[in-house]
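> One structure is given below, represented as structure tokens, and several questions about it will come after.
The values are calculated or read from the model by the stated rules, or taken from the named source; none is laboratory data. This one's a predicted model, so the numbers in the text were calculated from it and none came from an experiment. Neighbour counts are summed over all protein chains in view; Cβ atoms, including those assigned to glycine, are modelled from backbone coordinates with ideal geometry. Each accessible area value is taken on the protein alone, full model and side chains, heavy atoms only, with ligands, DNA and RNA left out. Shrake-Rupley method; radii C 1.70, N 1.55, O 1.52, S 1.80 Å.
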Amino acid sequence: CLLIVDEAQNLTPRAVEELRMLSNFQFGNQALLQSFLVGQPEFREILQRPEMEQFRQRVAATCHIGPLDRDATQHYIEHRLKCAGSTGKPSFDPAAFAAIFKASGGIPRRINSVCDRLLLAGFLAGKTHLEIADVNEVVREFAQEAEVPVRRVVADSGPAELSASGPTSTTAANLDV
């Protein structure tokens, strides 16, 4: 049996311990369960904790996939589009691929975020060819979203504005979001 756990960085320490315990079960010299854990870089940090030493001793192999380079980013996007059923539309200007790489740093989940937004914007605008200007607009939107304070209502002191540094109100209890 093979157990595949995606997004393993979200596992609790107790869940990781349960996986370790499951790995103890054997039939003769054969393990009854193999686990394949896939996670973001945060998962490596979790595994380095002192309480994870027994679990680390059970790890047969690890692999860290770093950011993609510019060409691999383009191939990754083209592959994902093909898997999604694209037959050439929308198409991308070569400079758009370079802009996506620059905006994402070659990190697949960031590439996915930029492309999701880019494809949606292209669809809404009726575009079948996406260019660097389209990518730049998406990047600007992401930047604006990160800067815009979020309005939340604080139950006993009225509205509070939140910025990247936290609430400007001193009371942050009983929030209605």
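> How do the pairs read when you match residues in the range 103-116 that are at positive phi with residues anywhere that are open to solvent by 50 Å² or more (accessible area, probe 1.4 Å) and outside any helix (DSSP H, G or I), using Cβ under 9 Å and keeping only pairs 6 or more apart or on different chains?
GLY105/PRO67; GLY106/PRO67; GLY106/ASP69
> Just the residues that are in a loop (DSSP other than H, G, I, E, B), over 30 Å from ALA95 (Cα atoms) and open to solvent by less than 100 Å² (accessible area, probe 1.4 Å), please, taken from the range 50-77.
Across the range 50-77, the qualifying residues are VAL59, ALA61.
> Restricting to the range 10-54, name every residue that is of a type outside the set (Gly, Ala, Ser) and touching a Ser or Thr at 6+ places or on another chain (Cβ under 7 Å).
LEU19, LEU33
> Give me the pairs, please: first residue somewhere in the range 12-35 and touching a residue at least 12 places away in the same chain (Cβ under 8 Å) and assigned to a strand (DSSP E or B), second residue anywhere and open to solvent by 70 Å² or more (accessible area, probe 1.4 Å) and not hydroxyl-bearing (Ser, Thr, Tyr), beta-carbon distance under 6 Å, and either six or more positions apart or on two chains.
Listed pairs, sorted by first residue: GLN34/LEU2.
> Are any of the residues in the range 81-100 among the charged types (D, E, K, R), assigned to a helix (DSSP H, G or I), open to solvent by less than 90 Å² (accessible area, probe 1.4 Å) and more than 21 Å from ILE132 (Cβ to Cβ)?
no
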